[in-house]
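The values are calculated or read from the model by the stated rules, or taken from the named source; none is laboratory data. Because the structure is predicted, anything quoted here is derived from the model rather than measured. Cβ sites come from the backbone with ideal geometry, for glycine too, and all protein chains shown count toward neighbours.
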Ligand code: PGA
């Protein structure tokens, strides 16, 4: 069964509720004719309900950018998978390098978050990737191996195929320096081989995205790669027109 591509826009800390609604109204007619691609917008918590209302009945799913691993408890400022799922959120970005670096999101927490998201019926997009120093030190594969092993350790075998992985070389995020198609293909194929080492059938179904300075100009090259099943788009997802163009390249 071929994997349906997924193009996800990660807004990060951008857009008020009103801006989110305006964006979705501008986006929907632009993507209405796309048939064979899943679309997701990952919004700030405060926008999620309005995004879900605005996107209802369309092919655009609404995702969150983070969640806590526990179902509930004394965790001031946090949001659980159950809270997201009851709203109608369909998935969640986990382990984004900004959360790892700026907010201390650890592999230990991720080992709990990924299965917690799956239990709540959310699709996790787990982000992995190497820093520039790690790349220069030929440590890309060891970093990916370590992150995949640590972050997916708690995922039951029958759930593995539902995880989405985003390969995001940290040096390419928000820098305008995109991985070459060869670099992206190599890393994504390596990740698929890691998953296959655990479960060959699941590895055929797991979607692996590329993220890092994807834009309308480079999207077709990246999305055309054999093992790349879509994109996680930051800056270029902030305008409906450019996000729609990238989505259109994913066929
Ligand atoms: P970028 O961000 O597209 O702006 O590089 C990607 C990401 O952070 O997921």
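In table form, for the structure just shown:
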item	result
Region 22-54: number of residues that are in a helix (DSSP H, G or I) and closer than 15 Å to residue 243 by Cα	10
Subset of region 181-218 that is away from the ligand (no atom under 16 Å from the Cβ) and assigned to a loop (DSSP other than H, G, I, E, B) - its residue that is nearest to the chain's Cα centre (by Cα)	206
Residue satisfying all of: in region 13-23; in contact (Cβ under 8 Å) with a residue 60 or more places away in the chain and within 19 Å of the chain's Cα centre (by Cα); surrounded by the most Cβ atoms within 10 Å (Cβ to Cβ) among these	15
Members of region 1-21 found to be assigned to a helix (DSSP H, G or I) and either under 12 Å from residue 246 (Cβ atoms) or touching a helix residue (DSSP H, G or I) at 6+ places or on another chain (Cβ under 7 Å) (or both), listed by number	17, 20, 21
Counted residues, region 225-242 - those being part of a loop (DSSP other than H, G, I, E, B) and either more than 15 Å from the chain's Cα centre (by Cα) or more than 8 Å from the ligand (Cβ to nearest atom) (or both)	7
Filter pass, residue 146 being in contact with a helix residue (DSSP H, G or I) (Cβ under 9 Å, 6 or more places away or on another chain), under 21 Å from residue 80 (Cβ atoms) and free of Cβ contacts under 8 Å to residues at least 40 places away in the same chain	no
Output for region 67-98, where each listed residue is in a loop (DSSP other than H, G, I, E, B) and under 16 Å from residue 118 (Cβ atoms)	67, 69, 70, 71, 89, 90, 95
Within region 120-148, tally of residues that are more than 18 Å from the chain's Cα centre (by Cα) and more than 21 Å from residue 182 (Cβ to Cβ)	1
Identity of the residue in region 155-180, more than 16 Å from the ligand (Cβ to nearest atom) and touching a residue at least 24 places away in the same chain (Cβ under 8 Å), that ends up surrounded by the most Cβ atoms within 10 Å (Cβ to Cβ)	163
Region 150-180, residues that are in a helix (DSSP H, G or I) and over 18 Å from the mean Cα position of the chain (by Cα)	157, 158
Search result, residues across region 191-225 that are surrounded by 18 or more Cβ atoms within 10 Å (Cβ to Cβ), in contact with a helix residue (DSSP H, G or I) (Cβ under 7 Å, 6 or more places away or on another chain) and touching a residue at least 40 places away in the same chain (Cβ under 8 Å)	191, 194, 195, 202, 206, 208, 210, 212, 213, 222
Residue among 94, 110 that alone is modelled with pLDDT of 95 or more, over 20 Å from residue 6 (Cα atoms), touching a strand residue (DSSP E or B) at 6+ places or on another chain (Cβ under 7 Å) and buried (at least 20 other Cβ atoms within 10 Å of the Cβ)	110
